[in-house]
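Reading through the structure tokens given below for one structure.
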Amino acid sequence: MTNIITADYNGTQVFFQDDAYLNATAIAKHFNKRPNDWLTLPTTQEYIETLCKKTETRKSGNAAKVGKSHFVKTIKGGKDLSQQGTWLHRRLAVPFARWLNVEFAIWCDEQIEKILIEKNQPKQLALPEPEKKFKFEFTEYELQLLPWIWFIALRGTETCRMIYPAMETIGSKYSGAIYGQAYEYKHTIREVHKLLKRLTADFKYDYESNWRVLKHLENYNPKSNNYQVI
């Protein structure tokens, strides 16, 4: 849908479309004139006819001449009065404006140039806001808890995968919930695994301490569909 651009000329609203068509009906009233009186002038008709002959459009790769309706559009009805009336292509808008008033014609020419410049200006895409980052301090024990929580979640999903077929076979009412636990969190477990690998990069496996959980982090293969901790 074409957007309406409203400009102010000495306290009078002048309506343009975003492709620089001018609402001739609305502004002509300000000068006590009618667009049709200008459009029926022999010089105007000759100008439009010549303009149509020299203007081509591209349709399906083929050149085609345009008709008068390309340069003169009429919009009837609708609740928005700013859209109703006769609209003139920019090639006609300035000659029409000159017929109305010379000072208005100069102003109109400036407005059309401004609209076209703004339309053809490359739009700067809004850059996404950088993702927020946070800093936390953990004790070693608190840091050890994180991979253990991941290990518990992984073991839980694998356990549910193992028992789901049996629950489905006996028609258990819990089979749906078990299926969800078994398969819906695989992506989350993989993402948390990458995070924990980064957080624990400076620690080594130690069977005698809670860092024995690092064995499971090291051995985990996110691409594997086999059971890995049971």
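Table for the structure above
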read-out	value
Between 0 and 90°, nearest 10: helix 90-100 axis offset from the chain longest Cα axis	40 degrees
Per-residue HN-Hα couplings for the stretch 34-43 [Karplus 6.51, -1.76, 1.60; θ = phi - 60°; Hz; x = Gly/Pro]	10, x, 4, 5, 7, 5, 8, 5, x, 5
For residue 55, residues with placed amide H under 5 Å, excluding near neighbours	66
Proximal lysines to residue 173, defined as alpha-carbon separation beneath 26 angstrom and excluding residues fewer than eight positions away on the same chain	186
Greater than 20 Å apart at Cα, pairs in 132/204; 53/73; 194/223; 29/53; 133/197	132/204; 29/53
FRET E, pair residue 65, residue 129, Förster distance 45 Å, beta-carbon r, rounded to 0.05	0.35
Rounded to 10°, Cα long-axis angle of helix 186-199 versus longest principal axis of the chain	80 degrees
At R0 = 41 Å, FRET efficiency that the Cβ-Cβ distance of residue 173 and residue 201 yields, to 0.05	0.40
Using alpha carbons only: equivalent-ellipsoid semi-axes of the stretch 4-120, gyration tensor based, whole Å	23, 17, 15
Relative contact order (%) - criterion: Cα under 8 Å, at least six apart; region: the stretch 140-219	35 percent
Length released on extending from residue 9 to residue 114, taking residue separation times 0.36 nm less the Cα-Cα span	36.3 nm
Förster-model FRET efficiency, 22 Å R0, residue 184 and residue 141, C-beta, rounded to 0.05	0.10
Of every Cα-Cα pair in the chain, the percent that sits beyond 21 Å	72 percent
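None of the figures in this text is laboratory data; all of them are computed from the coordinates on show. All values derive from a computational prediction rather than experimental measurement. Ideal geometry is used to build each Cβ from the backbone, glycine not excepted, and the neighbour counts take in all protein chains shown.
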